[in-house]
Amino acid sequence: MGIVTRGFRGRRGGGDVTLPPGQYLETGFPVLSAGPTPQIAPAAWAFEITTESGQEHRWSWAELQALPREDITVDIHCVTKWSKLGTRWTGVSLDVLLSGIDTSASYALVHSYGGYTTNLPLADLRQGQAWVAYGYDGRPLRPEHGGPARLLVPHLYFWKSAKWVQRLELLTEDRLGFWERAGYHAYGDPWREQRYAGD
Ligand SMILES: Nc1nc2c(c(=O)[nH]1)N[C@H]1C(S)=C(S)[C@@H](COP(=O)(O)O)O[C@H]1N2
Ligand SMILES: [Mo]
(Lines give C-alpha, C1' and ligand atoms only; values in the text may rest on other atoms or scores of the structure.)
(Ligands and ions follow the chains in the order given, each with its own letter.)
Protein backbone atom coordinates (compact mmCIF):
# COMPACT_ATOMS: atom_id res chain seq x y z
CA MET A 1 0.00 0.00 0.00
CA GLY A 2 1.02 3.61 -0.36
CA ILE A 3 2.58 3.41 -3.80
CA VAL A 4 0.23 4.52 -6.53
CA THR A 5 1.36 3.91 -10.07
CA ARG A 6 -0.25 6.01 -12.75
CA GLY A 7 -2.48 3.79 -14.85
CA PHE A 8 -3.14 1.48 -11.92
CA ARG A 9 -4.85 3.91 -9.57
CA GLY A 10 -7.06 2.23 -7.06
CA ARG A 11 -10.48 2.91 -8.43
CA ARG A 12 -13.89 1.54 -7.48
CA GLY A 13 -12.33 -1.03 -5.22
CA GLY A 14 -9.01 -1.23 -7.00
CA GLY A 15 -7.77 -2.78 -10.20
CA ASP A 16 -7.00 -1.53 -13.66
CA VAL A 17 -8.46 1.65 -15.00
CA THR A 18 -10.95 0.94 -17.75
CA LEU A 19 -11.22 3.67 -20.36
CA PRO A 20 -13.68 3.84 -23.25
CA PRO A 21 -12.22 2.49 -26.53
CA GLY A 22 -9.56 4.68 -28.12
CA GLN A 23 -9.15 6.99 -25.10
CA TYR A 24 -5.97 7.80 -23.14
CA LEU A 25 -5.57 9.04 -19.58
CA GLU A 26 -5.10 12.81 -19.13
CA THR A 27 -3.95 14.20 -15.81
CA GLY A 28 -4.09 17.90 -16.70
CA PHE A 29 -7.30 19.68 -17.61
CA PRO A 30 -7.16 20.78 -21.27
CA VAL A 31 -9.27 23.73 -22.43
CA LEU A 32 -11.21 23.15 -25.66
CA SER A 33 -13.24 26.12 -26.87
CA ALA A 34 -14.48 26.81 -30.39
CA GLY A 35 -14.42 30.58 -29.77
CA PRO A 36 -13.45 33.22 -27.22
CA THR A 37 -14.40 32.87 -23.56
CA PRO A 38 -17.49 35.00 -22.93
CA GLN A 39 -17.40 37.27 -19.87
CA ILE A 40 -20.72 37.12 -18.04
CA ALA A 41 -21.23 39.05 -14.82
CA PRO A 42 -23.40 37.15 -12.31
CA ALA A 43 -25.91 40.05 -12.33
CA ALA A 44 -26.37 39.63 -16.08
CA TRP A 45 -26.42 35.83 -15.94
CA ALA A 46 -29.56 33.71 -16.18
CA PHE A 47 -30.39 30.13 -17.08
CA GLU A 48 -33.57 29.33 -18.98
CA ILE A 49 -35.56 26.30 -19.98
CA THR A 50 -38.04 26.88 -22.80
CA THR A 51 -40.62 24.25 -23.69
CA GLU A 52 -42.07 23.13 -27.02
CA SER A 53 -45.26 25.05 -26.19
CA GLY A 54 -43.36 28.29 -25.59
CA GLN A 55 -43.30 28.33 -21.78
CA GLU A 56 -40.23 30.01 -20.29
CA HIS A 57 -38.63 29.13 -16.99
CA ARG A 58 -35.82 31.36 -15.79
CA TRP A 59 -33.34 31.27 -12.91
CA SER A 60 -31.15 34.19 -11.94
CA TRP A 61 -27.68 33.49 -10.52
CA ALA A 62 -29.02 33.95 -6.98
CA GLU A 63 -31.98 31.67 -7.67
CA LEU A 64 -29.70 28.94 -9.02
CA GLN A 65 -27.45 29.20 -5.95
CA ALA A 66 -30.49 28.80 -3.69
CA LEU A 67 -31.43 25.42 -5.22
CA PRO A 68 -30.21 22.17 -3.65
CA ARG A 69 -26.67 21.46 -4.85
CA GLU A 70 -24.81 18.20 -5.31
CA ASP A 71 -21.14 17.27 -5.24
CA ILE A 72 -20.42 15.03 -8.21
CA THR A 73 -17.30 12.95 -8.91
CA VAL A 74 -17.21 11.66 -12.48
CA ASP A 75 -14.93 10.61 -15.33
CA ILE A 76 -15.02 12.76 -18.48
CA HIS A 77 -14.21 11.71 -22.04
CA CYS A 78 -13.33 14.13 -24.85
CA VAL A 79 -13.77 13.06 -28.46
CA THR A 80 -10.17 14.21 -29.12
CA LYS A 81 -9.33 11.07 -27.08
CA TRP A 82 -8.38 12.32 -23.62
CA SER A 83 -10.22 11.05 -20.58
CA LYS A 84 -9.88 12.52 -17.10
CA LEU A 85 -10.87 10.40 -14.12
CA GLY A 86 -12.48 11.42 -10.86
CA THR A 87 -13.22 15.06 -11.68
CA ARG A 88 -15.03 16.82 -8.81
CA TRP A 89 -17.87 19.23 -9.54
CA THR A 90 -20.61 21.10 -7.67
CA GLY A 91 -23.90 21.94 -9.30
CA VAL A 92 -27.66 21.62 -9.55
CA SER A 93 -29.17 18.45 -10.98
CA LEU A 94 -31.25 18.87 -14.11
CA ASP A 95 -33.84 16.75 -12.27
CA VAL A 96 -34.30 19.71 -9.91
CA LEU A 97 -34.52 22.24 -12.75
CA LEU A 98 -36.89 20.08 -14.84
CA SER A 99 -39.20 19.15 -11.97
CA GLY A 100 -42.52 20.88 -12.35
CA ILE A 101 -41.92 21.70 -16.01
CA ASP A 102 -44.76 20.47 -18.15
CA THR A 103 -43.32 19.03 -21.37
CA SER A 104 -43.76 16.13 -23.74
CA ALA A 105 -40.53 16.96 -25.59
CA SER A 106 -38.05 14.18 -26.31
CA TYR A 107 -35.05 16.33 -27.26
CA ALA A 108 -33.08 19.27 -26.01
CA LEU A 109 -30.94 21.77 -27.85
CA VAL A 110 -28.53 23.40 -25.41
CA HIS A 111 -27.55 27.03 -26.08
CA SER A 112 -24.48 28.74 -24.64
CA TYR A 113 -23.52 32.37 -24.17
CA GLY A 114 -21.36 32.99 -27.24
CA GLY A 115 -23.57 30.94 -29.57
CA TYR A 116 -22.34 27.34 -29.10
CA THR A 117 -25.07 24.70 -29.28
CA THR A 118 -25.30 20.94 -28.73
CA ASN A 119 -28.20 18.49 -28.89
CA LEU A 120 -29.16 15.46 -26.83
CA PRO A 121 -32.23 13.45 -25.88
CA LEU A 122 -34.08 14.95 -22.93
CA ALA A 123 -33.97 11.52 -21.20
CA ASP A 124 -30.17 11.88 -20.99
CA LEU A 125 -30.61 15.00 -18.86
CA ARG A 126 -32.81 13.22 -16.30
CA GLN A 127 -32.31 10.65 -13.55
CA GLY A 128 -29.07 11.93 -12.08
CA GLN A 129 -27.19 12.10 -15.39
CA ALA A 130 -26.76 15.86 -15.88
CA TRP A 131 -26.07 19.03 -13.90
CA VAL A 132 -25.65 22.76 -14.29
CA ALA A 133 -22.22 22.90 -12.66
CA TYR A 134 -20.69 26.05 -11.14
CA GLY A 135 -17.98 24.56 -8.95
CA TYR A 136 -14.87 22.55 -9.82
CA ASP A 137 -12.47 21.01 -7.28
CA GLY A 138 -14.01 23.03 -4.46
CA ARG A 139 -13.68 26.39 -6.24
CA PRO A 140 -15.88 28.49 -8.52
CA LEU A 141 -15.72 27.10 -12.06
CA ARG A 142 -13.08 29.05 -14.00
CA PRO A 143 -14.24 31.02 -17.06
CA GLU A 144 -12.16 28.99 -19.53
CA HIS A 145 -13.84 25.79 -18.28
CA GLY A 146 -17.33 27.27 -18.65
CA GLY A 147 -17.77 29.53 -15.61
CA PRO A 148 -19.93 30.90 -14.23
CA ALA A 149 -21.83 27.70 -15.10
CA ARG A 150 -21.74 24.88 -17.62
CA LEU A 151 -23.71 21.78 -18.43
CA LEU A 152 -22.15 18.54 -17.16
CA VAL A 153 -23.28 15.35 -18.92
CA PRO A 154 -20.40 12.98 -18.22
CA HIS A 155 -21.86 9.81 -19.78
CA LEU A 156 -21.60 11.39 -23.26
CA TYR A 157 -18.51 12.79 -25.01
CA PHE A 158 -17.53 16.06 -23.34
CA TRP A 159 -18.58 18.29 -26.27
CA LYS A 160 -22.16 17.71 -25.02
CA SER A 161 -21.21 19.45 -21.76
CA ALA A 162 -21.87 22.98 -23.01
CA LYS A 163 -19.74 25.63 -21.31
CA TRP A 164 -21.32 29.03 -20.39
CA VAL A 165 -24.75 27.37 -20.60
CA GLN A 166 -27.61 29.79 -21.17
CA ARG A 167 -30.70 27.92 -22.26
CA LEU A 168 -32.21 24.49 -22.70
CA GLU A 169 -34.62 24.46 -25.62
CA LEU A 170 -37.00 21.50 -25.32
CA LEU A 171 -38.06 20.12 -28.70
CA THR A 172 -40.33 17.41 -30.05
CA GLU A 173 -37.87 16.68 -32.86
CA ASP A 174 -34.08 16.42 -32.73
CA ARG A 175 -32.13 19.42 -34.01
CA LEU A 176 -28.35 19.18 -34.44
CA GLY A 177 -25.95 21.45 -32.57
CA PHE A 178 -22.64 23.04 -33.56
CA TRP A 179 -20.33 19.98 -33.69
CA GLU A 180 -23.14 17.64 -34.69
CA ARG A 181 -23.82 19.73 -37.82
CA ALA A 182 -20.09 19.57 -38.56
CA GLY A 183 -20.22 15.76 -38.73
CA TYR A 184 -19.90 14.63 -35.15
CA HIS A 185 -22.26 11.96 -33.84
CA ALA A 186 -25.78 13.07 -32.88
CA TYR A 187 -25.61 11.09 -29.59
CA GLY A 188 -21.93 10.59 -28.74
CA ASP A 189 -21.66 7.59 -26.39
CA PRO A 190 -17.93 7.15 -25.62
CA TRP A 191 -18.37 3.47 -24.65
CA ARG A 192 -19.76 2.76 -28.16
CA GLU A 193 -17.14 5.10 -29.67
CA GLN A 194 -19.77 7.27 -31.39
CA ARG A 195 -17.38 10.00 -32.51
CA TYR A 196 -18.69 10.83 -35.98
CA ALA A 197 -22.04 10.55 -37.75
CA GLY A 198 -22.28 6.95 -38.94
CA ASP A 199 -20.11 5.45 -36.14
N1 LIG B 1 -19.84 26.82 -25.16
C2 LIG B 1 -18.96 25.86 -25.46
N3 LIG B 1 -19.04 24.69 -24.79
C4 LIG B 1 -18.18 23.69 -25.06
C5 LIG B 1 -17.20 23.83 -26.07
C6 LIG B 1 -17.15 25.06 -26.77
O7 LIG B 1 -16.32 25.25 -27.67
N8 LIG B 1 -18.04 26.07 -26.43
N9 LIG B 1 -16.35 22.79 -26.35
C10 LIG B 1 -16.80 21.45 -25.98
C11 LIG B 1 -15.75 20.46 -26.08
S12 LIG B 1 -15.35 19.89 -27.61
C13 LIG B 1 -15.18 19.94 -24.97
S14 LIG B 1 -14.08 18.65 -25.06
C15 LIG B 1 -15.42 20.52 -23.64
C16 LIG B 1 -14.11 21.02 -23.10
O17 LIG B 1 -14.28 21.50 -21.80
P18 LIG B 1 -13.03 22.11 -21.07
O19 LIG B 1 -12.49 23.21 -21.93
O20 LIG B 1 -13.51 22.53 -19.74
O21 LIG B 1 -12.01 20.97 -20.97
O22 LIG B 1 -16.34 21.57 -23.65
C23 LIG B 1 -17.39 21.44 -24.56
N24 LIG B 1 -18.29 22.54 -24.37
MO1 LIG C 1 -14.08 17.91 -27.21
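Quick notes
- Residue within segment 166-179 that is without any contact (Cβ under 8 Å) to a residue 60 or more places away in the chain and open to solvent by 20 Å² or more (accessible area, probe 1.4 Å) present: yes
- Failed condition for residue 50, given (1) more than 15 Å from residue 152 (Cβ to Cβ); (2) of a type in the set (Val, Ile, Thr); (3) open to solvent by 60 Å² or more (accessible area, probe 1.4 Å): (3)
- Sole exception among (1) open to solvent by 40 Å² or more (accessible area, probe 1.4 Å); (2) out of contact with any Lys or Arg (no Cβ under 7 Å at 6 or more places or on another chain); (3) away from ligand 2 (no atom under 16 Å from the Cβ) for residue 95, by number: (2)
- Of all residues in segment 183-193, those that are free of Cβ contacts under 8 Å to residues at least 60 places away in the same chain and either out of contact with any Leu (no Cβ under 9 Å at 6 or more places or on another chain) or outside any loop (DSSP other than H, G, I, E, B) (or both) total 3.
- Flag if residue 102 is assigned to a loop (DSSP other than H, G, I, E, B), of a type in the set (Asp, Glu), open to solvent by 10 Å² or more (accessible area, probe 1.4 Å) and out of contact with any helix residue (DSSP H, G or I) (no Cβ under 8 Å at 6 or more places or on another chain): yes
The values are calculated or read from the model by the stated rules, or taken from the named source; none is laboratory data. Remember, it's a predicted structure, so these values are computed and weren't measured experimentally. Counting neighbours? That spans all protein chains shown, and the Cβs are built from the backbone with ideal geometry, glycine included. Accessible surface is based on the protein model in full, side chains and every heavy atom, while ligands, DNA and RNA are left aside. Shrake-Rupley method; radii C 1.70, N 1.55, O 1.52, S 1.80 Å.
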